[in-house]
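Engineer: Mind looking over this structure? Questions follow.
The values are calculated or read from the model by the stated rules, or taken from the named source; none is laboratory data. This is a predicted model, so every value here is computed, not measured. For neighbour counting, all protein chains shown are included, and Cβ atoms are generated from backbone atoms with ideal geometry for every residue, glycine included. All accessible areas refer to the heavy atoms of the entire protein, side chains included, with ligands and DNA or RNA removed. Shrake-Rupley method; radii C 1.70, N 1.55, O 1.52, S 1.80 Å.
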Amino acid sequence: MRIDLHTHSSASDGTDTPAALVRAAHEAGLDVVALTDHDTTGGWAEAEAALPDGLRLVRGAEISCIDGDGISLHMLGYLFDPDEPEFARARELVCTDRVRRARAMVERCVELGAPITWERVVEIAGDGAVGRPHVATALVEAGVVADVSGAFTPEWLKDGGRAFVDKYEISVADAVRMIRGAGGVAVFAHPGATKRGHTVSDATIESLAEAGLAGVEVDHIDHDDAMRAHLRNLARGLGLVTTGSSDYHGTRKTVGLGRYTTDPDTFAAIADRATGVPVLGA
């Protein structure tokens, strides 16, 4: 089985619609794909309606979090009940704040001389949850930077950069608690992605494991071999499962579906642990 447990559609900052994403996953030879848009379940219904025969769909989301030291991180929540009240309210707060934040970043870019507009950023986002990648795309279109990655620098949108604006984030301990409370399974997304900024300590991962974290994403484009080995060893000692996934964003990033995959036994353990919603498909 080929299993990819981390992808994004146009419901957040990917370029494929949810329907196009599941079709692309099937064409790429995947047996299981997880739709994990940022802080939203808005793509679930479309992905389910378009699910090809022979492909299984794991419904989830990637939750924006912050730890006690002020470090931003992402928590993958799989197979949770989207209507569980506390978690639904928390996700809505995050999504609502995305608009305020993105507008403020556009204003800062304009002040720095970038010829972009809020209206164009909204057009780029479409029905998705507006965010930094959409502002970055506007900067590319305006010729300010060569590509999206070029916008994620200290000159523009990188954490702490000239046009960066802080966002509302759920505490990571609360995120794990709410995912579990909604019947889901929590897996720490790309915990060793140092190129994105500061990462949490092993001690933080240990405390999250005690709080109910189920696993860590190990095989990821932003982890080198040494980091993967370290995370695999840490997870083994803590009794956590380890996953691999593409973090696919369509044409917004270069990594393709199925670039990294998850072991079938790990997938089975995640599915067995969830009580929120079932895996869909054959």
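Engineer: Could you work out the relative contact order of region 118-177? I mean the mean sequence separation of Cα pairs under 8 Å and 6+ apart, divided by the number of residues, in percent.
Structural biologist: 17 percent.
Engineer: Ok, one more. Which Cα, out of 274, 115, 87, lies furthest along the positive dipole direction of the chain (beta carbon charges, K/R +1, D/E -1)?
Structural biologist: Working it through, the farthest residue towards the positive pole turns out to be 115.
Engineer: Find the relative contact order for the chain and round it to a whole percent, using C-alpha pairs within less than 8 Å whose residues are 6+ positions apart.
Structural biologist: In percent, rounded to a whole number, it is 25.
Engineer: Here is a follow-up. What residue among 12, 64, 207 shows peak mean-square fluctuation when the chain is described by a Gaussian network model with Cα springs under 10 Å?
Structural biologist: Greatest mean-square fluctuation among the candidates belongs to 207.
Engineer: Can you tell me the alpha carbon radius of gyration of the chain divided by the globular rule-of-thumb value 2.2 N^0.38 Å?
Structural biologist: 0.95
Engineer: If one takes the longest principal axis of the Cα atoms in the chain, at what angle in degrees, from 0 to 90 and to the nearest 10, does the Cα axis of helix 225-238 lie?
Structural biologist: Taking Cα atoms only, the helix is inclined about 50 degrees.
Engineer: What Kirkwood hydrodynamic radius do you get for region 131-260 when you take the inverse of the mean 1/r over all pairs of distinct Cα atoms, in Å?
Structural biologist: So the Kirkwood estimate lands at 16.4 Å.
Engineer: Compare 259, 98, 89 in a GNM of the chain, Cα atoms joined below 10 Å, and give the one with the largest fluctuation.
Structural biologist: The residue with the greatest mean-square fluctuation here is 89.
Engineer: Stretched out fully, how many nm does the piece from residue 112 to residue 99 gain, at 0.36 nm a residue minus the Cα gap?
Structural biologist: Length gained between residue 112 and residue 99: 2.7 nm.
Engineer: Among DSSP beta bridges lying fully in the chain, give the percent that are antiparallel, nearest 5.
Structural biologist: If I count the DSSP bridges inside the chain, around 40 percent turn out antiparallel.
Engineer: Throw me the Rg/Rh for region 41-172, computed over C-alpha atoms with Kirkwood Rh, two decimals.
Structural biologist: We get a ratio of 1.02 for region 41-172.
Engineer: Could you state, as a whole-number percent, how many of the C-alpha pairs of region 1-88 are farther apart than 20 Å?
Structural biologist: Percent of Cα pairs beyond 20 Å in region 1-88: 34.
Engineer: How would 253, 167, 195 rank on accessible area, largest to smallest, probe 1.4 Å?
Structural biologist: I get 195, 253, 167, largest accessible area first.
Engineer: Using a ≥ b ≥ c from the Cα gyration tensor of region 210-282 (square roots of the eigenvalues), is it rounded, prolate or oblate, where a/c under 1.5 gives rounded and otherwise the larger of a/b and b/c decides, a/b for prolate?
Structural biologist: Here region 210-282 falls in the oblate category.
Engineer: So, one more: Please give the FRET efficiency for residue 251 paired with residue 83, using the beta carbon to beta carbon distance and R0 = 30 Å, rounded to the nearest 0.05.
Structural biologist: 0.40
Engineer: If you don't mind, there's one more thing I want to ask. Which value, in debye to the nearest 20, describes the size of the charge dipole of the chain about its Cα centre when Lys and Arg Cβ atoms bear +1, Asp and Glu Cβ atoms bear -1, and nothing else is charged?
Structural biologist: Working: 27 positive and 43 negative charges, 67 e Å.
Dipole magnitude for the chain comes out near 320 debye.
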